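Below is one structure, written out as structure tokens; the observations come after it.
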Amino acid sequence: MARQGQPSVRPGCWLFILLTSVLLLGLASGHIRLPAGVRDGVARQSERILGPSHTRGLFEPGDGAKVTGPALDEAALDEIRAALLKAINDDRMVAGLPPVILDDDLTRLGNAHCREMVRGRFASHWTPDGLKPYHRYSLAGGSGHHEQNVAWRRDSRGYGDAERALADCLDSHAQMMAERPPNDGHRRTILSGKVDRVGVGLAAEGEYLAFTHEFASDAVRFLEPMSRRADPKGRVKVAVEVPAGHELSMVVLRRERPPEPLTGTQLMARGSYGYEGEDVLHLRPMLEPGWHYSDGSRGELERRGSVYSGEFAMPSARGLYTLLAGVDGEVRAALTLVSPGSLVDESRYQWP
């Protein structure tokens, strides 16, 4: 049997920016030149961003700046969250997809990112310490599949008005669903057939509003390793559970360089995200006696029922290592392992 190819998929979404303002009327199409009053914070009205893009010099995002002004209470945020969940499931029903359920752990994960975006005045899938969504999901205990959408808005009138915040959130959701191929990453994430639950992160303080969709599924998941800490050159046990009727293609160990802190401008300039880095190890299902892969081996992962298991030696190089489980040719689960000294601030994460 020939060696199977590397599974690959980009879990994020193609991002674009849509800015609206009463001050933009009459400007030339395709080239936005903002009045100085807008740049200086004068007479701004409901600027919309679905994910980050070319916004450098527009908002001059800060790094953890404290936001002052009205903030919505938890009851108002829960009402908005319920409306966004209904909008998601209404769209999924039209597409013939099952509804997703609201997940408290994913919501907490999204809330933390939204608060950081609102207070840091940036819109990005990344956090200031350089981590991507699947890193944070994994370090919070996730061991399956995860996809994220991000929306961020600014209104000079402030977001003390729950009705305005609700209307803006639903408008951003509608903008996502109005996308058309090939630039329809947000829409495809909402209509993903690979997810069964969602967290709706929300934060609204002063002039800033942000929400995230944190979609996930444990249909394919890593049962081991349980810990996200990995000792260089240590042995790591790995076990992957797949649903009935499906087969594991391969487990890939991918290494990324240790993350570095990002400024507000760098965060706003970042776009889509994916499983980046270099492959340092491939683990394949064991074949029946008499069958071999092209390198002469029978494979490394033993199958018992729906679970594939094995072990490997952890590389010694510092960095973030992500195990990717490919099922039917697609990455369906990811788990990030951290070697000592690789994170900017380990105290931020309550990992297992």
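Say whether the condition of being within 24 Å of P289 (Cα to Cα), of a type in the set (D, E) and surrounded by 14 or more Cβ atoms within 10 Å (Cβ to Cβ) is met by at least one residue in segment 321-343.
no
Can you pull out the residues in segment 213-247 that are open to solvent by 40 Å² or more (accessible area, probe 1.4 Å) and either part of a strand (DSSP E or B) or hydroxyl-bearing (S, T, Y) (or both)?
R221, L223, E224, S227, R229, R235, K237, E241, listed by residue number.
Kindly indicate the residue of segment 182-212 that is assigned to a loop (DSSP other than H, G, I, E, B) and small (G, A, S) and also nearest to T107 (Cα to Cα) among those meeting that condition.
The qualifying residue nearest to T107 (Cα to Cα) is S192.
Going by the structure shown, is G326 under 27 Å from the mean Cα position of the chain (by Cα) and of a type in the set (G, A, S)?
Yes; evaluated as a whole, the condition is true for this residue.
Which numbered condition trips up D171, out of (1) touching a helix residue (DSSP H, G or I) at 6+ places or on another chain (Cβ under 7 Å); (2) touching a residue at least 24 places away in the same chain (Cβ under 8 Å)?
So D171 meets the others, but not (1).
Those residues that are open to solvent by 10 Å² or more (accessible area, probe 1.4 Å) and either under 16 Å from L170 (Cα atoms) or of a type in the set (A, V, I, L, M) (or both), I need them from segment 181-192; list them, please.
R187, L191
Please state which one of P315, P285 is in contact (Cβ under 8 Å) with a residue 40 or more places away in the chain and open to solvent by less than 70 Å² (accessible area, probe 1.4 Å).
After ruling out the rest, the residue left standing is P315.
Among residues belonging to segment 162-181 that are under 16 Å from V150 (Cα atoms) and in a loop (DSSP other than H, G, I, E, B), point out the one that is nearest to the chain's Cα centre (by Cα).
By that ranking, first place goes to E179.
Taking the condition of being closer than 26 Å to S217 by Cβ, of a type in the set (D, E, K, R) and out of contact with any Pro (no Cβ under 9 Å at 6 or more places or on another chain), how many residues in segment 119-141 meet it?
Matching residues across segment 119-141 total 1.
Given the structure, is M250 touching a residue at least 12 places away in the same chain (Cβ under 8 Å), assigned to a strand (DSSP E or B) and open to solvent by less than 50 Å² (accessible area, probe 1.4 Å)?
yes
crowded, with 19+ Cβ neighbours inside 10 Å, at pLDDT 95 or above and over 21 Å from Y273 (Cβ atoms): is that true of V195 in this structure?
When the stated conditions are applied, V195 does not pass them.
Pull out all pairs, ordered by first then second residue, where Cβ-Cβ is under 7 Å, the residues are six or more apart or on different chains, the first lies in segment 81-102 and is free of Cβ contacts under 8 Å to residues at least 60 places away in the same chain, and the second is open to solvent by less than 80 Å² (accessible area, probe 1.4 Å) and in a helix (DSSP H, G or I).
Going by the 7 Å Cβ cut-off, the qualifying pairs are P99/N89; P99/R92.
Tell me yes or no: at least one residue of segment 123-132 is farther than 21 Å from T336 by Cβ, open to solvent by 10 Å² or more (accessible area, probe 1.4 Å) and touching a helix residue (DSSP H, G or I) at 6+ places or on another chain (Cβ under 9 Å).
Looking through segment 123-132, none of the residues is farther than 21 Å from T336 by Cβ, open to solvent by 10 Å² or more (accessible area, probe 1.4 Å) and touching a helix residue (DSSP H, G or I) at 6+ places or on another chain (Cβ under 9 Å).
The values are calculated or read from the model by the stated rules, or taken from the named source; none is laboratory data. Worth saying up front: this structure is predicted, and the values here are computed from it rather than measured. As a convention, Cβ positions derive from the backbone with ideal geometry for all residues, glycine included, and neighbour counts pool all protein chains shown. Heavy atoms of the whole protein, side chains included, go into the accessibility calculation; ligands, DNA and RNA do not. Shrake-Rupley method; radii C 1.70, N 1.55, O 1.52, S 1.80 Å.
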